[in-house]
1. Filter the DSSP H helices in the chain by two things, a Kyte-Doolittle mean of at least -0.5 and an axial alpha-carbon span of 15 angstrom or more, and list the hits by number.
2. I'd like the carbon and sulfur percentage of the solvent accessible area for the chain, probe radius 1.4 Å, heavy atoms only, ligands and nucleic acids excluded.
3. For K342, tell me the accessible area in Å² from a 1.4 Å probe, rounded to the nearest 10.
4. Could you grab the relative contact order for region 79-211? Cα pairs under 8 Å, six or more apart, rounded to a whole percent.
5. Hey, what number do you get for the chain at 222 nm if only DSSP H runs of n ≥ 4 count, each worth -39500 (n - 2.57), divided across all residues, to the nearest 500?
6. Could you list which residues have their amide H under 5 Å from that of S20, counting only those 5 or more apart in sequence or on another chain, with H placed in the peptide plane?
7. Evaluate the Debye formula for region 293-402 with equal point scatterers sitting on the alpha carbons, no solvent, and hand back log10 of I(q)/I(0) at q = 0.15, 0.16, 0.20, 0.23 Å⁻¹, in q order, two decimals.
8. What does the accessible area per residue of the chain come to in Å², with a 1.4 Å probe and no ligands, DNA or RNA counted?
Amino acid sequence: MTAVTTTRPAPPPTRRGGRSREIVLFLLAVALIALHVIDDNFVQPEPGMAAGAHLVSGLVPLALLGGAAWAYPRLPGGARGALALILGVLGLAAGIEGFYYAREVGPSGDDFTGLASLAAGVLLLGLGAVTLWRTRRTEGNRAWRYPRRALLALGGAAIAFAIVLPLGLGYVTTHVGRAVVPPDHLGVAHEDVSFTTADGLRLEGWYIPSRNGAAVIAFPGRNGPQKPARMLARHGYGVLLFDRRGEGRSEGDPNSWGWGGDSDVKAAIAYLRRRPDVEPGRIGGLGLSVGGEMMLEAAAETEALAAIVSDGAGARSFTEDMDQDEAPLGKWTLGAVMSAAKTAAVAVSSNQAPPANLRDLAARIEQPLLLIAAPNAPTGEQLNRGYARAAGASATLWEIPESRHVGGLEARPAEYERRVVGFFDRSLAAQSSSAIRAAATAAPPVSTGR
């Protein structure tokens, strides 16, 4: 008889204090990510933001990083490799902010620690792959080992796709906003303007003076709304375009999902109500994509927005994702997990709870509402059917099957102009002198910003 012996791979060489090079590299990478979290949230927050406003977005990641640093040396090889890969993805997500702003406007502020976090993410990905390879099982039946590895790989990929990537997406979309003011292609005389939100943020933008006594907020930003702004200006409307919080020259933290953006819309309404060229009660809003969602929320909370066009509104959190008839990858399976992870990450990273469901908000809108949707676009615009039903008689839904997301003006330019301008002409028609006096003496809307 011949005895067969198997051996496990030798542990990595050790150094000071008996810690392996693997553990030292892991702790170094985690420390670099933690340094950026501290720098970004507490040392050098965005202009207009105080460190105290970032308690959740700062302390929760630091607690998780601390827990990972404590647990790593105590885990078996496979778990260590998986943890390093997970934190590597999140380190890359945290570093994208520094890379983007350094590329667009040059490195400054917390961009340097962001670039260090990016390097730490690359280090952790390499460390995780090497650790998984070095600690793999080499004993036992090969017919079982390889299927087992394949199953573990599939399970890891599913976890990465359903949880880790949405967590990273939630972080990036609450830390990266348009860094510069886009080129000015308005082709219409306009002014540089600024105003302040209820929570003290200075927002900057452009204003085309009104020639008919009415004005429309075209939102969000100063890029996408330029075409509809030119269209409205041809018909005499004043148009306000501005950088939303955290973008361009405006203060605050960015949020690509628009959470809290209703405060920006309300500040814009207050600014227009002070303009001598705008008559009381003749302020409307035209929102594109996430801007349409913010217009719906603002209209549900203040009657000072007299008419709303929402073009391309979709889903912005878990509750709306679950309202879709055909949720991506299954409503109550992988799609639900992905949406929940993304919503949780956005909530933590933005220091605020998810906003109310847009269908519930639409039910509170009494002003005239025109919903424009591309039902075949993969952005959840079928939800506008539910928003229209909830709003009831005040709402009109116009679907453009051949349009891409917010592409109605390009797909049907003449009809888009006729419908949108006609809607504002009817909804923002000049009021009687008594109605104007009553609106002028009305108290300004109360901000309910979270």
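The values are calculated or read from the model by the stated rules, or taken from the named source; none is laboratory data. Bear in mind the structure is a predicted one, so any value in this text is a computation, not a measurement. No Cβ is skipped: glycine too gets one built from the backbone with ideal geometry, and neighbour counts run over all protein chains shown. For the accessible areas, the whole protein counts, side chains as well, though only heavy atoms, and no ligand, DNA or RNA atoms are used. Shrake-Rupley method; radii C 1.70, N 1.55, O 1.52, S 1.80 Å.
1. Those that pass (Cα extent of 15 Å or more, hydropathy at least -0.5) are 21-38, 55-71, 77-105, 111-134, 142-159, 262-273, 290-301, 335-350.
2. Roughly 61 percent, rounded to a whole number.
3. 20 Å²
4. 26 percent
5. -15000 deg cm²/dmol
6. Residues meeting the criterion, in which the H sits 1.01 Å from N, are R15.
7. Taken in order of the listed q values, log10 I(q)/I(0) reads -0.64, -0.72, -1.04, -1.23.
8. 46 Å²
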